Amino acid sequence: QVQLVESGGGLVQPGGSLRLSCVFSGRFFSISSMGWYRQAPGKEREWVATTYGGGTTNYADSAKGRFTISKNNAGNTVYLQMNGLKPEDTAVYYCREVVDGNVYWGQGTQVTVSS
């Protein structure tokens, strides 16, 4: 059974850091992209960052300079290192992966930035 399992969310003070992880479980031939999205209360889900099979990475303006997306050598885990967190980063963070042409979403992990 294919699934994405996220972890690493939590409560952090402004200026703090968190590292999110998303593990893809199941058999696959190729993962063409791995990304992170987030959804704050009352807002639409928005894209945060994506890493592609060839190693290219892209970031939303809100994430540039503060967040870093990476993946493990096996290619089945994607990370989002978040530094300099701000209250406006508070949201449920979702990973999204395109695996063998199919799109999969994780269940989400809550990130709360508050003093």
Would you point out which residue out of 62, 33 is polar (S, T, N, Q), at pLDDT below 95 and either crowded, with 16+ Cβ neighbours inside 10 Å or over 16 Å from residue 78 (Cα atoms) (or both)? 33
Among the residues in region 41-56, are any closer than 15 Å to residue 105 by Cβ, in contact with a strand residue (DSSP E or B) (Cβ under 6 Å, 6 or more places away or on another chain), open to solvent by less than 60 Å² (accessible area, probe 1.4 Å) and of a type in the set (Lys, Arg)? no
Would you please name the residue that is nearest to residue 107 (Cα to Cα), looking only at residues in region 1-12 that are of a type in the set (Gly, Ala, Ser) and either open to solvent by 30 Å² or more (accessible area, probe 1.4 Å) or not in a strand (DSSP E or B) (or both)? 7
Residue 49 - would you say it is among the hydrophobic types (A, V, I, L, M, F, W, C) and assigned to a loop (DSSP other than H, G, I, E, B)? no
Here is a check on your reading of the model: is residue 15 part of a loop (DSSP other than H, G, I, E, B) and either open to solvent by less than 60 Å² (accessible area, probe 1.4 Å) or of a type in the set (Phe, Trp, Tyr) (or both)? yes
Every residue in region 51-79 that is closer than 17 Å to residue 103 by Cα and touching a residue at least 40 places away in the same chain (Cβ under 8 Å), please. 75, 76, 77, 78
Candidate set from region 18-30 (those that are open to solvent by 60 Å² or more (accessible area, probe 1.4 Å) and in contact (Cβ under 8 Å) with a residue 60 or more places away in the chain); member that is nearest to the chain's Cα centre (by Cα): 19
Inspect all residues belonging to region 79-96 and state whether any of them is open to solvent by 20 Å² or more (accessible area, probe 1.4 Å), more than 23 Å from residue 10 (Cβ to Cβ), in a loop (DSSP other than H, G, I, E, B) and among the polar types (S, T, N, Q). no
Taking residue 70 as the residue in question, decide whether it is in a strand (DSSP E or B), among the small types (Gly, Ala, Ser), surrounded by 12 or more Cβ atoms within 10 Å (Cβ to Cβ) and within 13 Å of the chain's Cα centre (by Cα). yes
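The values are calculated or read from the model by the stated rules, or taken from the named source; none is laboratory data. Just so you know, these numbers come straight off a predicted model, no measurement behind them. Backbone-built Cβ (ideal geometry, glycine too); neighbour counts: all protein chains shown. For the accessible areas, the whole protein counts, side chains as well, though only heavy atoms, and no ligand, DNA or RNA atoms are used. Shrake-Rupley method; radii C 1.70, N 1.55, O 1.52, S 1.80 Å.
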